[in-house]
1. Taking region 56-79 as the region of interest, how many residues are within 12 Å of the ligand (Cβ to nearest atom) and either outside any loop (DSSP other than H, G, I, E, B) or open to solvent by less than 40 Å² (accessible area, probe 1.4 Å) (or both)?
2. Quick check on my filter: what residues within region 80-91 are away from the ligand (no atom under 12 Å from the Cβ) and either within 17 Å of residue 60 (Cβ to Cβ) or open to solvent by less than 80 Å² (accessible area, probe 1.4 Å) (or both)?
3. For region 27-44, check the following and say yes or no: at least one residue is charged (D, E, K, R), free of Cβ contacts under 8 Å to residues at least 12 places away in the same chain and open to solvent by 20 Å² or more (accessible area, probe 1.4 Å).
4. Can you tell me which residue is farthest from the chain's Cα centre (by Cα) among those in region 95-104 that are open to solvent by less than 90 Å² (accessible area, probe 1.4 Å) and closer than 19 Å to residue 12 by Cα?
5. For region 9-46, give me each residue that is of a type outside the set (A, V, I, L, M) and part of a loop (DSSP other than H, G, I, E, B).
Amino acid sequence: MTQYVAVAQIGDIAPGELLRVAVGRHLVCLANVDGQISAFEDDCPHIGGPLDEGDLEGHVLTCPIHLARFDVRTGQVLRGPARDQLRMYAVRVEGERIWVAAPE
Ligand code: FES
């Protein structure tokens, strides 16, 4: 059964913002797109840039290192040089609290 970890409060991340949180030993980036929270590994699949320091416009995240672009709702690569999609984590929002599925 999937275990969820409370990582933040909804007030910690305004629409259009990114936030780095820890889920066990993993660094996870949260993104708020119009109130919808998504979560993915905070490690660019190209060569490991800190995605929470990237630029989020709508649902498009640009990596700060080599400017690869991703859809934060799905993890899909929109522009290289990255080839692999983001590693996504399941998210639940209950009341004010954001929960992220712990990696297996
Ligand atoms: S490290 Fe993200 S595009 Fe290269």
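The values are calculated or read from the model by the stated rules, or taken from the named source; none is laboratory data. The shown structure was predicted, so the numbers you read here are calculated from the model rather than taken from an experiment. FYI the Cβ positions are ideal-geometry reconstructions off the backbone, even for glycines, and counts take in every protein chain you see. Protein only, heavy atoms only, side chains kept; ligands, DNA and RNA dropped before computing areas. Shrake-Rupley method; radii C 1.70, N 1.55, O 1.52, S 1.80 Å.
1. Let us first name the residues in region 56-79 that are within 12 Å of the ligand (Cβ to nearest atom), namely 61-70, 77-79.
Checking which are either outside any loop (DSSP other than H, G, I, E, B) or open to solvent by less than 40 Å² (accessible area, probe 1.4 Å) (or both) leaves us with 61-63, 68-70, 77-79.
Looking only at that region, the number is 9.
2. Keep residues of region 80-91 that are away from the ligand (no atom under 12 Å from the Cβ), which gives 85, 87-91.
Within region 80-91, 85, 88, 89, 90, 91 meet the criteria.
3. Taking region 27-44 first, the residues charged (D, E, K, R) are 34, 41-43.
Going one step further and asking which of them are free of Cβ contacts under 8 Å to residues at least 12 places away in the same chain, we end up with none.
No, the conditions are met nowhere in region 27-44.
4. Across region 95-104, the extreme among qualifying residues is 95.
5. Taking region 9-46 first, the residues of a type outside the set (A, V, I, L, M) are 9, 11-12, 15-17, 20, 24-26, 29, 32, 34-36, 38, 40-46.
Once the filter is applied, which keeps residues that are of a type outside the set (A, V, I, L, M) and part of a loop (DSSP other than H, G, I, E, B), region 9-46 yields 15, 16, 17, 24, 25, 34, 35, 42, 43, 44, 45, 46.
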